[in-house]
Amino acid sequence: MRWLYLAKILLHLHKLAQAVRSPFRSLWQIVLGKDEHYLRLRDGQVLLRSITPPNLFGFTLLRSAGVQLASEQPSAPDQLLWQLTPTGQFLTRLTTGMDLMTLYELFVRKDYGEDFADKVVVDVGAYNGDSAIFFALQGAQKVIALEPYPPNYELAQANVARMHLEEKIILLPVALGAEVGHLSFKVAAASPDANSLEPTNSPLLKLIRYTEAVEVEVLSLPALMAQYSLETIDFLKLDCEGCEFGVIESLTPAQLRSVRVWHIEYHAKPDRLIHKLQAAGFRVRRERDRGGVLGYVIADFG
């Protein structure tokens, strides 16, 4: 992972020069296996932070795109605070997970699109709250966000409060699965974006080390919809590191069609997902495919 992101950073060397005090020092730090970098903030400020190569790459892209940092930063050396709206701030971790990359994918690359005006959105795999906040800021009427891992859930709660979006976002400490109940949830402490209820047989798992398991509450999609009296869902984001197969395959065609748009990140060959959705009448396409085992399946009615 370190060497992959070193290569990515080298391809954006001109952007790195805008993001850190000394780009060549930062490159050498990565080669040495060290994660301390002097980051350029706003108004000429420079701050020493502990930040992994994936997050340094994300920081480089975010700063190049003009995403603003808060004027006051936390004292913790492994955190950054972003000013996403004039009054709303968002806290990211720097030494675990992919907080800055996911922030870039949402707010700059717009992987999920932009128009969510008056839509009901279900966000499965809410992580640190970034996607739920994005949907709310883009006009969603209501966002029901699921995040079963306690540290992620607590950070998401705090970020929703910092962004003053408690009235729009319902955050639940549960996973989505095929059936209602309680199941073992595999945790990768260094990569909390990769935690999984149902890890796939993807070769990508070679990059992930699961260190523990916690028991979490699981809801099925019909149970979730019944709980909130939803007849339809306008947009369902499914990024749950493998649970996408169990969820989709457990639903009847009519239940699948209760969601107008499925936006699914797949973590193994998605053929089964595509066939099931097509059989239910959806138009299906793939985007940002990486090696056939990671990307997005998007299903809608055209």
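The values are calculated or read from the model by the stated rules, or taken from the named source; none is laboratory data. In this text, all values refer to a predicted model and were calculated from it rather than measured experimentally. A quick note on method: Cβ atoms are made from the backbone with ideal geometry, for glycine too, and the neighbour counts reach across all protein chains shown.
Within segment 30-51, being aliphatic (A, V, I, L, M) and in contact with a helix residue (DSSP H, G or I) (Cβ under 8 Å, 6 or more places away or on another chain) holds for Ile30, Val31, Leu39, Ile51.
Quick check: is even one residue across segment 143-163 modelled with pLDDT of 95 or more, hydrophobic (A, V, I, L, M, F, W, C), in a loop (DSSP other than H, G, I, E, B) and over 20 Å from Gly58 (Cβ atoms)? Scanning segment 143-163, I find no residue that is modelled with pLDDT of 95 or more, hydrophobic (A, V, I, L, M, F, W, C), in a loop (DSSP other than H, G, I, E, B) and over 20 Å from Gly58 (Cβ atoms), so the answer is no. Quick one: is Ala70 small (Gly, Ala, Ser), over 18 Å from the mean Cα position of the chain (by Cα) and closer than 19 Å to Ile51 by Cβ? So Ala70 passes the test. Can you find a residue in segment 214-234 that is at pLDDT below 95 and either over 18 Å from Ala178 (Cβ atoms) or crowded, with 22+ Cβ neighbours inside 10 Å (or both)? Taking every residue of segment 214-234 in turn, at least one turns out to be at pLDDT below 95 and either over 18 Å from Ala178 (Cβ atoms) or crowded, with 22+ Cβ neighbours inside 10 Å (or both). Selection over segment 154-195 of residues that are within 23 Å of Ala70 (Cβ to Cβ) and touching a residue at least 24 places away in the same chain (Cβ under 8 Å) gives a count of 15. Taken over segment 269-295, the residue count meeting the criterion of being loosely packed, with under 14 Cβ neighbours inside 10 Å, within 21 Å of Lys110 (Cα to Cα) and not basic (Lys, Arg) is 2.
So for segment 62-71 (the condition being assigned to a helix (DSSP H, G or I) and surrounded by fewer than 21 Cβ atoms within 10 Å (Cβ to Cβ)), does at least one residue qualify? Yes. The residues of segment 7-31 that are more than 19 Å from Val46 (Cβ to Cβ) and surrounded by 12 or more Cβ atoms within 10 Å (Cβ to Cβ), listed by number, are Lys8, Leu10, His12.
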